[in-house]
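Rule-based calculations on the coordinates, nothing more; no lab input. Predicted model, so just to flag it, every value in this text is computed and none were measured. With ideal geometry, Cβ positions are generated from the backbone for all residues, glycine too; neighbour counts draw on all protein chains shown.
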Amino acid sequence: MVEKTSPTQVFPSLEGALKHFFGYDQFRPGQRRVIEAVLKNQDALVIMPTGGGKSLCYQLPALLKLGVMVVVSPLIALMQDQVDSLQDNGIAATCLNSALDYDTLCQREAALRAGQVNLLYVSPERLMRPGGVQLLEHLMQTVGVSGFAIDEAHCVSEWGHDFRPEYRQLSTLRERFPQVAVIALTATATERVRQDIAQQLRLRDPLIQVSSFNRANLFYEVRPKGRDSYQTLRQQVKQHQGSGIIYCLSRKRVDELAQRLTVDGESVLPYHAGLSDQVRRDNQTRFIRDDVRLMVATVAFGMGINKPDVRFVIHYDIPRNIEGYYQESGRAGRDGEPAHCTLYLAYGDVATADYLISQKPDAEEQRIARQQLRQMVDYAEATVCRRQVQLSYFGETLNGLCHQCDNCINPPPLEDWTIEAQKFLSCVARCQERFGMTHIIDVLRGSKKQKILDLKHDRLSTHGIGKDRSVDEWRLLGRSLLHQRLVDETTDGYPVLKLNAASWQILRQQLPVQVAVAQRFADAPSEMVDRPEVAQLLSILKTLRKQLADQQSVPPYVVFPESALRQMAQTRPQTLESFSQVSGVGRRKLDQYGQVFTDRIRQFCADYGLESDPGAARRSRPGRERHQRVGDTHRHTLALYHQGLSVEAIASQRGLRPSTIASHLERLIRQGETVDLDRLVAPEDQRAIQAVLTEMGDSSLTDIRDRLGPTYSYEAIRLVRACQRA
């Protein structure tokens, strides 16, 4: 046991004590204020980002007050790491947990009773069992208890990202030991979670210290996750220097990825709950000690680990909520040095996460989790500064851009959407601020859903005034307004839009609204088949097909070929009549599978506010695409093209990307304008592309390019396809 530090030592200042015990010359922002409060026996609620110095807020008072500071910690690995670090610093700290043998437990409890310990780390389960409470009562009567520090305090709240029911029992600490101050600490908590923490732990007039959530040294990016995503990941890992963590949703994915990386020569270990306690401890220790460079893990790994030099964190699967993502990605760069955070987005993973949510037994938990997942998808799809989105979620505003994310480094073009924003916010007001984004979009687009008719919202002046914009465009605007804090949204699982002061400024024409519009909205061709909702529904239908096939002990393709599922995902048939039009659906399959598939498609459309059978809508209006209006920006591109400029030259002159110019020309070709393809794509490349197009038909651009090879650009494929169809 390390010798106990005497609390009677006198220091000229708190800075002097800080230097003496921990070797730092000055406090980080917010630390001194909290420490002063704890020394006065005042309760405190401390919200500091990962690496912000939360632990010092109770460790230094523990060395300056009489008695033992009891620290509640949720993970054995977390508390052992803290104890090892303190003991290495010459400070008397110990922990009590289920991993200890009986003799060791007795020795440590004896040292506590003898007053030889400054800090005791213990899990909430062990603390609140009868033996733990008796130990606390004995310490109170003998050596004294200087305070209760509740680490990872977000675990007490069902609105947090890692709710643990056993944390709720900690409220009895206030009943049994009312004279002892309680300090609650966490790296992530929204305003609602903060209030819940204070209420659940029964904090008395606590000092509330909320430090900035901005981790300026972290670079954030989102990458699409396609069929070649492993090779992309592999290349990214090779490019990064230093230690890294790769997070996955499932144990199976962890094992598969760790094995592939090992085969490819990387120094890597897995971490998940399926491994034995000893293996997990050994793997974590080897990672912390730099025996291995990479850890592939579920989110169970890393909570509170004190490894400051993690240089990159990759989420290979989408996290379930923004708070969890912020904390997990924040395990990079705790030393303040530059670090990289990447999220790979695949809509099939979103469907998987949604399925896992559906397995929760409590409907209320499902509702909250689905809202949190939707917020995570909104973050991943955001076209604005990613740090703005993160900080807005925690109630903090970032002035300007961070220049430390992919959207700031390579920003999509800004467009003035003030009029659309006024329509949107006016609709929120006329719906009396009682509905979510999907309902507002339905009203704007003139939906005749039964709910709209029952509420008489078809009689509102805003009903149908947004027919000129697609559902995706209105959703882009809604997300942008939320990210810029130009409108608010409730966070109780029922995401209801609420107007704020900025909303009224927009409605009074006092504040303009600019929206970063990705190319898929500004210039994407209307016949694209690899839309996000298509990929997500396709994944759901594949899962359903697999379930039906397993019931019959047949391969999935016997139920339906994948081409049929893809057509269902694209057209979204919700009646048996429309389902019968899907290629591969005969009478037998219609009778056998029609009802179950249309029910699942109908539920998907209802959940995500999508129209039914968009393919049928297009078929019922032949020639609609040909008569769409070509905008001024396309005409400008066409005029420069007729002056003899190349795609690259036009892009340079207009300050746009070459891909944007190519999409303009593609649209013009489809509208019947005369464009010389030989000036844009070499004739030999045209022939190769045409051959693959003839062979693969309406396959996605990605599939076509994979067949052709990387020397063929997406722009060339789109232009040749446009000419072929024209």
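Figures for the structure shown
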item	result
Cα-only radius of gyration and Dmax that characterise segment 219-356, units Å	13.8, 38
Estimated distance in nm for a label pair at residue 214 and residue 711, the labels positioned 7 Å out from Cα along Cα-to-Cβ	4.8 nm
Kirkwood hydrodynamic radius of segment 151-262, from inverse mean 1/r over distinct Cα pairs, in Å	17.8 Å
Computed Kirkwood radius, in angstrom, where 1/r is averaged over Cα pairs of segment 93-161	13.1 Å
On Cα atoms only, tilt of 277-288 relative to the major axis of the chain in degrees	80 degrees
10 Å-binned pair-distance histogram of segment 632-725 (Cα, whole percent)	16, 50, 29, 5
Stokes-Einstein D (µm²/s) once Rh is taken as the Kirkwood radius of the chain over alpha-carbon pairs, at 10 °C in 1.306 mPa s	55 µm²/s
On Cα atoms only, tilt of 251-263 relative to the major axis of the chain in degrees	80 degrees
Two-site FRET efficiency, residue 276 against residue 451, from Cβ-Cβ distance with R₀ of 41 Å, rounded to 0.05	0.20
P(r) weight above 15 Å for segment 197-292, C-alpha pairs, percent	74 percent
Beta bridge orientation in the chain: antiparallel %, DSSP, nearest 5	10 percent
D (Stokes-Einstein, µm²/s), Kirkwood Cα radius, segment 412-522, 0.890 mPa s at 25 °C	175 µm²/s
Total formal charge among the other residues, if their Cβ is under 14 angstrom from that of residue 46, Lys/Arg +1 and Asp/Glu -1	+1
Debye log10 I(q)/I(0) at q = 0.15, 0.16 Å⁻¹ for segment 92-208, Cα point scatterers	-0.69, -0.78
Karplus (6.51, -1.76, 1.60) ³J(HN,Hα), θ = phi - 60°, over segment 315-327, in Hz, Gly and Pro reported as x	9, 7, 10, 5, x, 8, 7, 5, 4, x, 5, 4, 5
Overall dimensions of segment 14-210 by Cα: Rg and Dmax, Å	15.6, 44
Angle between the chain longest axis and helix 76-88 axis [Cα atoms, degrees, rounded to 10]	50 degrees
Segment 231-305 and segment 80-98: distance between their alpha carbon centers, rounded to Å	25 Å
Residue-span extension gain [residue 494 to residue 290] - 0.36 nm each, minus C-alpha spacing	69.0 nm
Residue exposure sequence - 646, 392, 358 - by fewest surrounding Cβ within 10 Å	358, 646, 392
Convex hull projection area averaged over all views, segment 352-441, Cα basis, nm²	8.0 nm²
Integer Hz, Karplus 6.51/-1.76/1.60 couplings in order for segment 122-136, x for Gly and Pro	8, 7, x, 5, 6, 5, 8, 6, x, x, x, 5, 4, 5, 4
³J(HN,Hα), Karplus 6.51/-1.76/1.60, whole Hz, each residue of segment 498-506, x for Gly, Pro	10, 6, 10, 4, 5, 4, 5, 4, 5
Cα gyration tensor of segment 344-389 - equivalent ellipsoid semi-axes, whole Å, descending	23, 13, 5
